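Written below as structure tokens is the structure these notes are about.
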Amino acid sequence: MDDKILNQIAKTEKIPAATLRENVRNGTVIVCRNRKRSIRPLAIGKGLRTKVNANIGTSPDIHDLRTELKKLHAAVEAGTDAVMDLSTGGDIDKIRRTIIDESSVVIGTVPIYQVAIEARKRKRSFVEMSVDSMFETIEKHLDDGVDFITVHCGITRDSIRGLEKQKRLCGVVSRGGSMMIEWMVKNRRENPLYEYYPRLLKLAKSYNAALSLGDGLRPGSIHDATDTAQIGELMAIGELVRAARQAGVWAMVEGPGHVPIDQIEANVRLEKSICDGAPFYVLGPLVTDVGAGHDHVVAAIGGAMAAYYGADFLCYVTASEHLGLPTVEEVREGVVILRIAAHAADIGKKVAGAADWDYEMSKARFGLNWKKMLELSLDEKKAKRIFSRRKSRSSFACTMCGEFCAMERSKKIFGGKNRS
């Protein structure tokens with residue numbers, strides 16, 4: 001890894017460069033940026049600020065590139081650290097390449113989706129697709145400049161046998177995971193991404209791309225959380241992480257989607273133990289199954305806890321989760337909500353500089369410095385919109401307290417002293 005890049009990252013993250021180098025060396029920190037792109041690299045892992053990803057992308061029913069680009073720009077404007085293009089409808093190649101060209105942040109994809117789409121175009125089933133066709137699609141994504149790819153390598157024939165014996169409430173909820181399982185069952189073969197893993201590592205290394213080792217057997221219900229299928233896959237992923245490190249390939253681990261509050265700490269500690277501290281990338285997790293329409297809030301609750309216990313990368317969830325594709329505004333809101341969760345966790349685990357932002361906000365609040373307060377708000381746009389409704393008779397207070405503002409009164413009581 002280039003020393004200049006590492007020094008820049010260390011400065012941004014406010015950690016000693018020597019510490020960062022050691023964590024990069026041992027794989028507890030990864031740096032995402034395809035060699036074909038010139039964007040700022042994204043560092044994820046131990047001791048760093050918790051990062052947030054936003055998922056966008058078309059579906060077979062709705063595939064408007066202009067809308068997806070609006071979502072991309074809304075996510076970036078809201079402060080996302082990464083975007084994943086999960087498109088499954090329309091001109092997939094054009095959509096992906098345009099998103100990459102217009103994005104100032106790292107981009108991730110799930111190449112196996114396109115393998116399934118190409119099969120359908122040829123009026124064939126996904127299970128008829130060859131191993132070579134899978135790897136050709138993966139290379140196409142990497143050659144386009146994708147910075148990290150989700151690959152469901154940890155599902156093996158052994159894990160499928162275990163899943164058959166186990167009665168899950170919601171079965172397999174990962175699209176990529178279900179595709180790989182169907183291919184394996186119909187062809188009576190091992191998962192090609194597991195069997196030919198060295199081939200995958202060679203491809204990733206040639207583009208300096210990161211592997212996001214997908215959790216194809218993640219729970220889609222809190223009742224299925226932390227079961228033998230999920231843990232069995234995680235054990236296989238631990239082996240894959242070690243192989244990636246030996247090959248000089250960046251690797252992070254994807255985590256469960258639905259996990260009750262009392263199991264979040266155990267899930268994070270299991271991943272960190274089994275995968276030797278590899279960066280952990282979690283979807284939420286969602287701590288209840290009944291939040292439809294508000295699943296971004298449900299995910300923020302789980303995400304804050306997961307990040308506090310050691311998760312490094314939070315994938316946002318929007319209000320549309322489980323219901324349909326998100327709108328542009330729901331994408332923006334999803335990023336904001338998960339950024340709040342990530343920041344709250346960073347304060348709790350004392351990430352360098354995290355609490356400084358809040359300290360400055362508190363000083364501005366006590367000084368009733370509205371301009372500064374709005375500037376320091378994580379969602380400045382919404383804060384300004386709400387503040388514009390202010391019609392207080394007081395020149396200094398908001399409409400909540402007006403002339404009874406406790407901070408203004410406390411300044412009079414204690415002589416206007418404020419910590420600085």
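Only the coordinates and a few stated rules stand behind these numbers; no lab work does. Everything numeric here is computed off the predicted structure, so don't read it as measured data. A quick note on method: Cβ atoms are made from the backbone with ideal geometry, for glycine too, and the neighbour counts reach across all protein chains shown.
What translational D, rounded to a whole number of µm²/s, comes out for the chain from Stokes-Einstein when the hydrodynamic radius is the Kirkwood one over Cα pairs, at 37 °C and 0.692 mPa s?
The calculation lands on 146 µm²/s.
The residue list Q8, A82, N267 was ranked by how far each Cα lies along the charge dipole of the chain toward its positive end, using unit charges on Cβ atoms, and Q8 comes out on top. Residue pairs exceeding 30 angstrom between C-alpha atoms, taken from K11/K372; K14/K205; K51/K384; K121/K272; K349/K412; K51/K71: K121/K272; K349/K412. Here the residues M84, M180, M373, ranked from fewest to most Cβ neighbours within 10 Å of their Cβ, fall in the order M373, M84, M180. Averaging Cα coordinates gives a centre for the range 68-98 and one for the range 1-46; these two points are 24 Å apart. Would you compute, from DSSP H runs of 4+ residues alone, the mean residue ellipticity of the chain at 222 nm, taking -39500 (n - 2.57) per run and dividing by the full residue count, rounded to the nearest 500? Here the helix-only value at 222 nm equals -15500 deg cm²/dmol.
Taking every DSSP bridge with both residues inside the chain, close to 15 percent are antiparallel.
One chain, two ends: E118 and E408. Fully extended at 0.36 nm per residue, the span grows by 97.9 nm beyond their Cα-Cα distance.
Of the peptides 295-306, 35-46, the ranking by mean beta-carbon count within 10 Å, highest at the top, reads 295-306, 35-46. Computed from backbone phi with θ = phi - 60° and the Karplus coefficients 6.51, -1.76 and 1.60, the 3J(HN,Hα) list for the range 64-81 is 10, 4, 4, 5, 5, 5, 5, 5, 4, 5, 5, 5, 5, 4, 7, x, 5, 8 Hz; x is used for glycine and proline. For the pair K4 and R245, the difference between a 0.36 nm per residue extended length and the Cα-Cα distance amounts to 84.6 nm. Applying the Karplus relation 6.51 cos²θ - 1.76 cosθ + 1.60 with θ = phi - 60° to the range 168-174 yields 3J(HN,Hα) values of 8, 5, 10, x, 9, 10, 7 Hz, where x marks Gly and Pro. Taking amide hydrogens as placed 1.01 Å from N in the peptide plane, the amide H of S221 sits under 5 Å from those of H258, each at least 5 positions away in sequence or on another chain.
Maximal additional length on extending the E128-K372 stretch stands at 81.9 nm, based on 0.36 nm per residue less the C-alpha distance.
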